[in-house]
Amino acid sequence: MKAYFNNDWIEDTLEISLKDRALQFGDGLFETMIVKNGKTRFLNDHLKRLREGAYAIGLDFDHLSLSERHLTEIIEELLRQNNTPDQARVKLQLWRKAANASGYSPRNTGANLLVTAYPHTAFDYKVRSKVALSSKVSLVASTTSRFKTMSALPYVIASAECLQRGMDDLVLTDHRGFMSECISSNLFWVLDETLFTPSLSTGCIEGIMRGQVLKKCLELGIEVFEVEKSPGILTSADAVFSVNAAGFYLIQALQKQSYVTKHLVVNQLIESIQAV
C-alpha cells in the first residue's frame with residue numbers, strides 16, 4: 001500500500017525513531033475523511049479542525065502549507081497509486097516531530113504528516129439494533145477533547161467493551177453521568193419534532209457530521225439544542241441516532257427501549273446532507 005509521508009511516497013512500511021512522539025506519548029491528531037464518487041466530503045471542515053487542533057497542542061501547522069487544494073492533489077494521487085475506487089476512507093495523521101529530549105515536555109513544534117487511504121463502501125445510513133450504555137468509560141471535557149487525538153485510549157476501551165458485550169455500539173457518558181457520544185459518532189435524539197445533542201461540555205468530539213447536522217437544522221427550520229442530559233431522558237425520545245463522517249446510524253434499541261428508524265426529522269436531515 002502506498003502512503004504519503006512528509007512530502008514523500010512510501011510503501012507498506014513507515015520507519016520512525018524510538019523517540020517518536022506518537023509512539024511515546026500519542027502526541028498528535030488525526031482526521032478520517034470519506035471519498036464519495038471521487039470527491040472528499042467536507043474536506044475544508046476536516047482541514048479546519050485539524051488546523052485548530054494543531055494550534056491547541058502547539059504544532060506549527062502553517063509550515064506544512066497544507067491548503068485544501070494541496071491536500072486534494074495528495075488524496076487524488078494517493079487513490080490513483082493505490083488503485084483505490086472512488087469510494088474510499090482517507091486518514092490524515094499529524095504528530096510532533098521527535099527532539100533530543102526525554103519526558104513529556106514538547107521541545108519541537110514541527111509536525112509529521114501521514115496520509116493513507118483504504119477502500120470504503122459509501123452509505124447514507126445504517127441501522128444499529130443493539131446499543132447500550134458503557135460501564136467502563138467516562139469522558140471529561142478538556143482543551144483538546146473536541147479534537148481527534150492519537151491518545152484515543154477511552155475509545156479503544158469502549159470498543160473492547162462493545163465487542164465483549166456483543167453490542168453494535170455504546171453510548172459514553174461524562175464523569176457527571178451526562179450523555180456525551182457514541183464510540184465513534186456523535187449522538188442525537190428527537191423529542192416532539194425537536195432535535196437534541198450532547199454539548200461539547202460533556203467531552204464529546206466536535207464531529208464534522210455533527211456540525212453538518214446543526215447547520216442543516218438551521219436551513220431546514222428544525223429546532224436543535226446542545227444539552228447536558230442524563231440517559232434517562234431517552235425514555236421519552238421518539239428517535240435516536242448518531243452520525244460521523246461516514247453517515248447516519250439509526251438506533252433501533254438502546255438498553256430496553258425501542259425507537260423508530262423512520263422519522264420525518266431524521267429523514268429530512270439524511271436527504272439534505274447526503275445530497276451535499
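What follows is calculated from the coordinates using simple rules that are stated; it is not laboratory data. As the structure is a computational prediction, the values presented were derived from the model and not from experiment. Note: ideal-geometry Cβ built from the backbone for every residue, glycine included; neighbour counts use all protein chains shown.
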Discussion item. Just want the answer: with Cβ charges of +1 for Lys and Arg and -1 for Asp and Glu, which residue in H63, L94, L14 is farthest toward the dipole's positive end in the chain?
Written reply: L14
Practice prompt. Taking the chain as the reference, fit the longest principal axis to its C-alpha atoms, fit the long axis of helix 208-220 to the helix C-alpha atoms, and give the angle between the two in degrees, 0 to 90, nearest 10.
Written response: 50
Discussion item. Can you sort T173, T261 from fewest to most other Cβ atoms within 10 Å of each residue's own Cβ?
Written reply: T261, T173
Item to complete: Place the peptides 22-28, 125-131 in order of packing, highest mean first, counting for every residue the other Cβ atoms within 10 Å and averaging per peptide.
Response: 22-28, 125-131
Discussion item. Can you tell me how the stretch 167-256 classifies by the Cα gyration tensor, rounded, prolate or oblate, using a/c under 1.5 as the rounded cut?
Written reply: rounded
Discussion item. Given contacts defined as C-alpha pairs under 8 Å and at least six residues apart, what's the relative contact order of the stretch 2-119, whole-number percent?
Written reply: 37
Response to the item:
Neighbours of Q255 by Cβ distance under 14 Å: Lys/Arg at +1, Asp/Glu at -1, summed charge +2
Worksheet, complete the sentence: Of the residues S201, G166, S142, the Cα lying farthest along the dipole of the chain towards its positive end, which is defined by charges on the beta carbon of Lys, Arg, Asp and Glu, belongs to G166
Discussion item. Apply the a/c threshold of 1.5 to the C-alpha gyration tensor of the stretch 1-153 and tell me whether it is rounded, prolate or oblate.
Written reply: oblate
Practice prompt. Rounded to the nearest Å, what's the spacing between the alpha carbon centres of the stretch 54-122 and the stretch 1-20? Just the number, please.
Written response: 11
Worksheet item: Net charge near A141, counting Lys/Arg +1 and Asp/Glu -1 over other residues with Cβ under 13 Å of its Cβ?
Response: -3
Fill in: Nearest-20 debye value, the stretch 1-131 charge dipole, Cβ charges on Lys, Arg, Asp, Glu
540
Worksheet entry | Ranked packing of 142-149, 187-194, most packed first, by mean Cβ within 10 Å | 187-194, 142-149
Item to complete: Could you list, in their original order, any pairs among K19/K97; K216/K256; K48/K91; K2/K91; K48/K215 whose Cα atoms are separated by more than 19 Å?
Response: K216/K256
Worksheet item: If you line up the long axis of helix 43-57 against the longest principal axis of the chain, both from Cα atoms, how many degrees apart are they, to the nearest 10?
Response: 70
Fill in: Proximal charge balance of D124 [Cβ under 12 Å; K/R count +1, D/E count -1]
+1
Item to complete: Let me know the shape class of the stretch 110-264, please: from the alpha-carbon gyration tensor, a ≥ b ≥ c as square roots of the eigenvalues, rounded when a/c is under 1.5, otherwise prolate if a/b is greater than b/c, or oblate.
Response: rounded
Worksheet item: Using the beta-carbon distance between S258 and V140 and R0 = 35 Å, what value does 1/(1 + (r/R0)^6) give for FRET efficiency, to the nearest 0.05?
Response: 0.65
Item to complete: Quick one: compute the contact order of the chain, relative version, from alpha carbon pairs under 8 angstrom and 6+ residues apart, as a percent.
Response: 18
Worksheet item: Roughly speaking, what is the centre-to-centre gap between the stretch 150-213 and the stretch 222-271 when only Cα atoms are used, to the nearest Å?
Response: 12
Worksheet item: In degrees, nearest 10, range 0 to 90: what is the angle between the Cα axis of helix 153-165 and the longest Cα principal axis of the chain?
Response: 50
Worksheet item: Stretched out fully, how many nm does the piece from A99 to W9 gain, at 0.36 nm a residue minus the Cα gap?
Response: 30.1 nm
Item to complete: Would you calculate the separation in nanometres between label points at H63 and D192, each defined as 7 Å from the Cα along the Cα-to-beta-carbon direction?
Response: 5.6
Worksheet item: To the nearest 0.05, how large is the calculated FRET efficiency for E77 and E219 if R₀ is 30 Å and r is the Cβ-Cβ distance?
Response: 0.30
Fill in: Relative contact order of the stretch 125-274, defined on C-alpha pairs under 8 angstrom at six or more residues apart (%)
28
